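For reference, the structure discussed in these notes is given below.
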Amino acid sequence: MTQPNNGPAPRPGILDIAPYVGGEHAGHIRLASNEGALGPSPRAVEAYKAAAGELHRYPDGGSAKLRKAIAERFGLDADRVVCGAGSDELIALLIRAYAGPGDEVLYSQHGFLMYPIGAKSVGATPVQAPETNLTTDVDSLLAHVTPRTRLVFVANPNNPTGTYITADEMARLHAGLPENAILVIDAAYAEYMNHNDYSAGQELVDRFPNVVMTRTFSKIFALGSVRLGWAYCPAGIADVLNRVRGPFNVSSAAQIAGVAALEDTAFLERSRSHNTEWREWFVQQVQGLGLKTHPSVTNFVLVDFAGQTAGKDDAEAARLFLKGRGILVRQMPAYGLPSCLRVTIGTEAEMREVVQALKDFLAA
């Protein structure tokens, strides 16, 4: 029998990639994608609306005003800030620019799925280093470094585990890497941190030519739909990224909303305080139901159903029960954590409804 013609074959390795699957959207309580609980800053919304009359204009290809605002907000060199359509675009560009067949891309065991996907997309080999207590293990990463290692990705804090490593540990990791390997610190959740021993990594970028820090506007700034992220790089790497990125990769609306969001520091602080309060409340409530929660410094909590007191250890059954109530949370088999559900911190009403639904599930 003649096989159907599927067209030209892609480059070897592409069909080995399992496509990234984001959180579900069809529910009245959406806690599957770590979106900001309070939504975006009202100032960002107004700025976005004001951009509507200029939709026929190309955006500023260099994102000059946004880069300036980022630099002023975080004390950086604007010339070494590169903006992108989400930090995942910048991650993909780094891999595309610095890795290829025969190279290795190293990452922590439960790190962001786009690290191995990006590696496979350019023909490089993704290498996973085991974690300890769902936390990045510096010694484990260093033990997996080889002469073929080109990039090392560390999400800090990490999604989906919610853990972090200290600034000293990150510096120790960098010190153990060869000079021709790039350390990429993915600090998408940095704004939620209030620990004195943590750093998003900018001091390492300022000191060394092989460290990059990536950030996003999709989490605490709650601008996920406009796709906006940025990287702080050594001058040489910034130059490379500007050569390989698209000429108009960040829309005007995203740039304008990003600047306004950065300026609204009061709203940012309110979002951070809300998250801390309701994350701690949720953890207490869930633990009171007999479920295990893993420590988190982010805007989500990893709830573990393995061996909990009610005797049910099926996280998928719980997810489907919640979905039946219109509550969407994230399943974790793709990250090697099949007994867990990741629950984003939402509004007070949403968190109370999730707790009640979990209580009803365990009693069913």
Within region 29-42, identify whether any single residue is over 30 Å from T161 (Cα atoms), of a type outside the set (F, W, Y), at pLDDT 85 or above and over 24 Å from the mean Cα position of the chain (by Cα), and answer yes or no.
no
In region 272-284, is there at least one residue being touching a Pro at 6+ places or on another chain (Cβ under 8 Å), at pLDDT 95 or above and not small (G, A, S)?
no
Name, by its number, the condition in (1) among the basic types (K, R); (2) more than 29 Å from E348 (Cβ to Cβ); (3) within 21 Å of the chain's Cα centre (by Cα) that does not hold for R57.
(3)
Looking at (1) surrounded by fewer than 24 Cβ atoms within 10 Å (Cβ to Cβ); (2) of a type in the set (S, T, N, Q); (3) under 15 Å from the mean Cα position of the chain (by Cα), which is the only condition N158 fails?
(1)
Among the residues of region 95-105, write down those that are open to solvent by less than 20 Å² (accessible area, probe 1.4 Å), of a type in the set (A, V, I, L, M, F, W, C) and out of contact with any Phe, Trp or Tyr (no Cβ under 9 Å at 6 or more places or on another chain).
A99
Those residues of region 195-218 which are open to solvent by less than 30 Å² (accessible area, probe 1.4 Å) and either free of Cβ contacts under 8 Å to residues at least 12 places away in the same chain or not in a loop (DSSP other than H, G, I, E, B) (or both), in sequence order:
L204, V205, V211, V212, M213, T214, R215, T216
Go through (1) surrounded by fewer than 19 Cβ atoms within 10 Å (Cβ to Cβ); (2) under 17 Å from the mean Cα position of the chain (by Cα) for L341 and report which single condition fails.
(1)
Hey, among the residues in region 106-146 that are part of a helix (DSSP H, G or I) and of a type in the set (G, A, S), which one's most open to solvent (accessible area, probe 1.4 Å)?
A143
Any helices (runs of 4 or more DSSP H) falling wholly within region 219-296 and containing at least 2 residues that are small (G, A, S) and surrounded by fewer than 16 Cβ atoms within 10 Å (Cβ to Cβ)
235-244, 265-288
Among the candidates Q284, Q255, single out the residue that is without any contact (Cβ under 8 Å) to a residue 60 or more places away in the chain and polar (S, T, N, Q).
Q284
How about region 258-281: which of its residues are among the hydrophobic types (A, V, I, L, M, F, W, C) and touching a residue at least 24 places away in the same chain (Cβ under 8 Å)?
V259, A260, A261, L262, F267, L268, W278, W281
Residues that are among the basic types (K, R), buried (at least 18 other Cβ atoms within 10 Å of the Cβ), outside any strand (DSSP E or B) and modelled with pLDDT of 95 or more: does region 170-189 have at least one?
no
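Yes or no, residue by residue, for (1) assigned to a helix (DSSP H, G or I); (2) hydroxyl-bearing (S, T, Y); (3) buried (at least 16 other Cβ atoms within 10 Å of the Cβ):
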site	(1), (2), (3)
P40	no, no, yes
K49	yes, no, no
G53	yes, no, no
G61	no, no, no
K65	yes, no, no
A69	yes, no, yes
V82	no, no, yes
L90	yes, no, yes
L93	yes, no, yes
Count of residues meeting criterion [assigned to a loop (DSSP other than H, G, I, E, B) and over 18 Å from the mean Cα position of the chain (by Cα)] in region 316-338
3
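The values are calculated or read from the model by the stated rules, or taken from the named source; none is laboratory data. Note that the structure is a prediction, hence the values are computed from the model and not measured. Virtual Cβ from ideal backbone geometry, glycine too; neighbours counted across all protein chains shown. These area figures cover heavy atoms from the full protein model, side chains too; ligands, DNA and RNA do not enter into them. Shrake-Rupley method; radii C 1.70, N 1.55, O 1.52, S 1.80 Å.
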